[in-house]
Amino acid sequence: MPIRLLPPQVANKIAAGEVVERPASVVKELLENAIDAGATDIRIEIRQGGRRLIRVSDNGSGIPAAEVALAFSRHATSKIATEDDLFRIHTLGFRGEALASIGAVSHTTLSTLARGEDVGTELRIEGGELKESRIYGGVAGTLVSVENLFFNTPARLKFLRSEPTESSHITKLVSAYAMAYPGLRFQLTDNGRLTLQSPGNGRLLDVLVKVFGLDTAQQMLELPPQDGEHSAPTADGVRVDGYVGAPSQHRASRDYQLLFVNQRWIQDRSLSFAVEEAYRTLLPAGRYPIAVLRIAMDPQDLDINVHPTKREVRFREPRAVFAAVQRAVRSLILDQAPVAPMPALPKPVTPEFWSQRAGSPWGMRGTTGTAGQAQMALEVQRTPDTSRPMHEQLPMLRVLGQIRQMYIIAEGPDGLYLVDQHSAHERILFDQLLAEKQVMSIAVQNLLQPLTLELLPQHQAAMEVAGPQLAELGFDISPFGGATYLVRAIPGLLEPDEIREVLLELLDSASAGHDSAANPEAMLEVIACHSAVRAGQTLTLDESRELIRQLEKTTSPYTCPHGRPTMIHLSTALLERSFQR
Ligand code: ADP
Ligand code: MG
């Protein structure tokens, strides 16, 4: 084929693909336009996860009648004019691509009246073509309705996830903008139901109450603003404020970490890592902190023109930003958190040392520690081989006692065994649940008094996905109007005071975008984990013996359902060598 310029329709569709990946991308662009237009009240309405309809209305400046037609042209923007402007961007938009992209892949209607003008304009665009332009008689501001998204790009349509998943992406997005702009009122209506409304009173904490719920928000720690008159000047020009979770408020995913730079919601792995580093040794493995951090800096130290969606940014001094975030969070947590950090590993032979080594499948992982440590680590052997088919067997164990209210000590044919009471119990309960589930007879307990749950917006959407699976697990949950749900029955194993936590975790993973509502086994893991005996609980000798007896009957007694070891083994040979016998 000869080289040709692509017709504008085709070029637009290609470019649209970069900006508009899914319904939430449309909402993002329309929100940003409303914010840039100085709106204080922004209402978002979606139907069928945004596929059928996304409507955003604002009370911002509106678009002057003389300019409206241009708004849908690619690279048409009122926000920058020259190349130099790229280095002092104070608006969320500047690329002039969003409306053109949205118009190219949907049926879009834009109705707008500029402040100070008498007559407004309404445009109808279908697949990038202007179909109609007429006078609009509404109030000042802008209303954009996007219908039948991706009607002309079937490939994109195919990649969309289920309706509740797309709608939960939108909920998260609106929540994030409400956090970035606590002074603006955001209202989200999903299939006719009002799911989120931020007060717009300028207080971030009040937005967090709406998004995370009162319990969570109240326990969070405030990073005091650093630009107030009382705050110390920051040497590197980076200011960090916001709220972070107390170490006890950890979550199963990074979904509760939101980072904003100059009021822009960004994704940055290294900054997430900086936050997590600040909690080092304070959180259990595999758990993540909650954090809503607002980072402010001179726009000149920031390149936001990295990606069409502007979710990634580049810092001129990435290390300074990393350090500022880590320092701010760490000092707040150490100041306020009652938990002391665990000490670093002192000597080769410590329980921490062994359990660290045990984290790998009993061999060597990582290369930390001295050669001597490595040598010893290799000798901590795992009795059976994981690759052995079918049923693994425990050696005969004689329970000696419990230490740190956490580990059961037992003697076996070849040395000493330390059993982690929580992981061991988790394995037992998981196997039990799995067996019950396979024959469709999970034990259920009916609650004498139904429990009322107020679900957060993203969890309401997730409930629609996960509802049937939850029912299979023994939950009886029904909507009770608005955000309220009634729980009438729960899995038999579960302690009633764990219900909230368990449901929160299950709904979180359902809303994280695992369609088919995640795999049922992962759900069983969550229930097993929350039902299992905790570290910190004293066990009598009899209870310990019973635990070991039940563990013997499980399919994989050496690992908990998450794959962590349930026990470590200090062989006789190792003990002798360690004592230089
Ligand atoms: P950008 O936001 O990058 O400038 P867009 O394609 O999103 O590009 O919008 C094009 C232009 O249309 C904007 O620069 C702005 O002037 C105008 N516009 C879009 N949405 C609104 C709105 N809600 N209120 C006022 N003006 C708007
Ligand atoms: Mg824009």
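The values are calculated or read from the model by the stated rules, or taken from the named source; none is laboratory data. The structure presented is a predicted model; accordingly, all values stated were derived computationally and were not measured. Cβ: placed from backbone, ideal geometry, glycine included. Neighbour counts: every protein chain shown. Just so you know, the surface numbers come from the protein's heavy atoms only, side chains and all, with ligands and any DNA or RNA stripped out. Shrake-Rupley method; radii C 1.70, N 1.55, O 1.52, S 1.80 Å.
If we scan the range 206-221, do we find a residue that is among the small types (Gly, Ala, Ser), at negative phi and surrounded by 18 or more Cβ atoms within 10 Å (Cβ to Cβ)?
yes
Let's see how each residue does on (1) crowded, with 23+ Cβ neighbours inside 10 Å; (2) among the aromatic types (Phe, Trp, Tyr); (3) within 16 Å of ligand 2 (Cβ to nearest atom):
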position: 59; (1), (2), (3): no, no, no
position: 62; (1), (2), (3): yes, no, yes
position: 68; (1), (2), (3): no, no, yes
position: 106; (1), (2), (3): yes, no, yes
position: 120; (1), (2), (3): yes, no, no
position: 145; (1), (2), (3): no, no, no
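Anything in the range 76-88 that is more than 12 Å from ligand 2 (Cβ to nearest atom) and either in a loop (DSSP other than H, G, I, E, B) or β-branched (Val, Ile, Thr) (or both)? List them, or say none.
81, 82, 83, 88
If we only count strands (runs of 3 or more DSSP E) wholly inside the range 434-498, which ones have 1 or more residues that are under 21 Å from residue 167 (Cβ atoms) and touching a residue at least 40 places away in the same chain (Cβ under 8 Å)?
Of the strands (runs of 3 or more DSSP E) lying wholly inside the range 434-498, those with at least 1 residues that are under 21 Å from residue 167 (Cβ atoms) and touching a residue at least 40 places away in the same chain (Cβ under 8 Å) span 444-454.
At pLDDT 90 or above, open to solvent by 10 Å² or more (accessible area, probe 1.4 Å) and assigned to a helix (DSSP H, G or I): which single residue out of 505, 543, 521, 525 fits that description?
543
Condition test on residue 43, is it closer than 13 Å to residue 103 by Cα, outside any helix (DSSP H, G or I) and open to solvent by 30 Å² or more (accessible area, probe 1.4 Å)?
no
Looking only at the range 249-303, count every residue that is in a loop (DSSP other than H, G, I, E, B) and either buried (at least 19 other Cβ atoms within 10 Å of the Cβ) or not assigned by TED's automatic domain parsing to the domain that holds residue 319 (or both) and tell me the total.
7
Checking residue 115 against (1) more than 16 Å from ligand 2 (Cβ to nearest atom); (2) within 30 Å of the chain's Cα centre (by Cα); (3) open to solvent by 20 Å² or more (accessible area, probe 1.4 Å), which single condition isn't satisfied?
(2)
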